[in-house]
Each structure stands twice: as structure tokens, then as C-alpha cells.
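Data first, discussion second: the structure below is written as C-alpha cells.
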Amino acid sequence: MELSDLIVPRNSCRCAVLIPTHKVEFHPIEKYCISKTIKTLCRWDVFFILPESLSSNLSIFFPEVESIKFADKNFQNVDQYNRFRLSAELHKKFILYDRMLICEPDAIVMSDHIDRWSAEPIDYVGAPWFNLLSMKPNFESRPDLNGVEYKLDVGNGGLCMVNPRSILHILDKHSDLVKEFLLRSGGQLNSDAFLAFLGGIDSEFKLASRAEAVEFSLELDANRALLDSGRLPMGFHAMYKYDPKLWQYIFPDSPDPRDMPQVASPFAG
């Protein structure tokens, strides 16, 4: 990638906000989430990440957001999207930024705490899974890792913050594992789970703790986590799908989440 291909920060090199989407027509609740997020994070550089063949009219609805396009194959299905999320191409594009905040269309950011999170010595933070996710590897290149079930506690990728330089380093360091994972994942485990796994086996790649993650974002078991912490996180990922009553309580002006069609998405977060 040439220097001219890199995104040059406009407002700050501290963080780029990325909203990946394979479409330009959103359900009202997705549009609500995107609009709230953009308004909350208006002082940062915000980008839509789109397939190159997508005829973008997003500037009509979100004129303040620039569109960056990547190859169509990256958005075709879950497996291709996983490859994209683990690709050097994506992270090199934004390497002039200290952090990338990735917000899929079903994520919402309610408060601008980017200054805080970008200053933390954390390479990857996303909502906790509360030990509901695990990975039992079977790697030919690293048989020493096999035969153990690794609990994956933190790292939902639908709303996450990553250090692009650290991601590039850790993916290069474990390139054999990356290749095997992408060949065998089959959509059952996503890129965010793999990054959480890498953080569990390599202390050089710094994952957020669960206590830190619940202050950043929530998805599963949001009600329990809120009762325990007593305060709202920076944002939520897909919470309206898992707890629509809680969603409507927090966001009373939101469209009714029960009207949201259950349509398969190529996104993995």
C-alpha cells in the first residue's frame, strides 16, 4: 500500500470512527443508531466502509461522513467479512490513526469517551460475552495450543476499539494461526473471537478486562451488567435484539425494535 493510499487524519490522529455496511438503505432503527453515533462522535473523523460497487447515496442522509470503498468480496458473507476484519489492508488504510472505533449499523454510541479509551494501554476492547463463548483450537502449526478449551470473555466486534498497529503486528506474528483459522472457521467463530483468543495466548496483545469492557460496550446480559455497574457504558451493540424492553427504556425515542426484520447479515460482530 502506497503512502497516498492511506487515510490522512483531518480532525485528530487519535481515532478514526468506521461504520462498515454492505447497504445504503437502513431499517429505521439502524438509521437511528447510525445518526446517534455520528452526532455523538461529530468531532472525530467518521467514515462509512462500503463495497466498491455500491452506488453510495449515503451523503444525502449523512453529508458529514466520508465513504471509503473496499473490494466487494469483503462484504459477500460472514467468512469474507471475517477475512476483511483480520486483513492488513483494512488496518494499514488507517494506520496513521492511533485507534479505530468500529461501529456496525446495529451499534450505538451514546457518549464520547474516545479520549479516555484511546489513551488506555489496550489494543482491543469490545463488549464482554460473559464466558458464553469459547474456542477449542486444532492447529497443525501450533499443536501445543490444542486440547484446551479457551474461554473468550471480552471482545465483541460489532462495537469495538482497536489499535491498528498492534493488530498488524499480532496478525503478522501469528500469521500461521490466522491462515488456519480463516480456513476452518466456517462462520462458526468470528474474527472478534479469534482476536480474543490471540489476546489470551499472547500477553503482548493487550485485551481489555471484563471490568473495563462493561464500561465500554454491552450486548449480551446488558441488564445484569447495568445493575452490577450502576452506570451506562459508552455504547451498545445489537442490544435491541437481545433485550428490546431495556432498549426502549434507555432509548424511548427509538423506533420499535420489534418491527426490525430478522434478516441475515454478512456482518459477524
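The values are calculated or read from the model by the stated rules, or taken from the named source; none is laboratory data. These numbers come from a predicted model, not from an experiment. Positions of Cβ are generated from backbone atoms using ideal geometry, with glycine treated the same way; all protein chains shown enter the neighbour counts.
Name the residue that is farthest from ARG43 (Cα to Cα), counting only residues in segment 59-71 that are of a type outside the set (Val, Ile, Thr) and touching a helix residue (DSSP H, G or I) at 6+ places or on another chain (Cβ under 9 Å).
Per the criteria, the residue is ALA71.
Considering (1) small (Gly, Ala, Ser); (2) exposed (fewer than 15 other Cβ atoms within 10 Å of the Cβ); (3) in a strand (DSSP E or B), say which one SER53 fails and leave the rest.
So the condition that SER53 fails would be (3).
Can you pull out every residue in segment 118-143 that is outside any strand (DSSP E or B) and either more than 23 Å from LEU182 (Cβ to Cβ) or touching a His at 6+ places or on another chain (Cβ under 6 Å) (or both)?
Within segment 118-143, SER118, ALA119, GLU120, PRO121, ILE122 qualify.
Looking only at segment 3-30, which residues are in contact (Cβ under 8 Å) with a residue 24 or more places away in the chain and acidic (Asp, Glu)?
ASP5, GLU30
Conditions (1) touching a helix residue (DSSP H, G or I) at 6+ places or on another chain (Cβ under 7 Å); (2) at pLDDT below 95; (3) buried (at least 21 other Cβ atoms within 10 Å of the Cβ), marked per residue:
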| position | (1), (2), (3) |
| --- | --- |
| LEU182 | yes, yes, no |
| SER191 | yes, yes, yes |
| LEU198 | yes, no, yes |
| ASP202 | yes, no, no |
| GLY235 | no, no, yes |
| ASP253 | no, no, no |
| ARG258 | yes, yes, no |
| ALA264 | no, yes, no |
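Residues that are of a type outside the set (D, E, K, R) and in a helix (DSSP H, G or I): does segment 93-110 have at least one?
No, every residue in segment 93-110 fails to be of a type outside the set (D, E, K, R) and in a helix (DSSP H, G or I).
Can you tell me which residue within segment 154-207, out of those that are part of a loop (DSSP other than H, G, I, E, B) and free of Cβ contacts under 8 Å to residues at least 24 places away in the same chain, is nearest to PRO20 (Cα to Cα)?
GLN188
Answer with yes or no whether VAL24 is exposed (fewer than 14 other Cβ atoms within 10 Å of the Cβ) and assigned to a loop (DSSP other than H, G, I, E, B).
no
If the Cβ limit is 6 Å and pairs must be 6+ apart or interchain, which residue in segment 73-96 that is under 15 Å from HIS169 (Cα atoms) pairs with which residue that is small (Gly, Ala, Ser)?
ARG85/SER191; LEU86/SER191; PHE94/ALA16
So, in segment 34-72, exactly how many residues are free of Cβ contacts under 8 Å to residues at least 24 places away in the same chain and of a type in the set (A, V, I, L, M)?
Within segment 34-72, residues that are free of Cβ contacts under 8 Å to residues at least 24 places away in the same chain and of a type in the set (A, V, I, L, M) number 2.
With of a type in the set (Lys, Arg) and within 11 Å of the chain's Cα centre (by Cα) as the only criterion, which of ARG99, ARG85 stands out?
Among ARG99, ARG85, only ARG85 is of a type in the set (Lys, Arg) and within 11 Å of the chain's Cα centre (by Cα).
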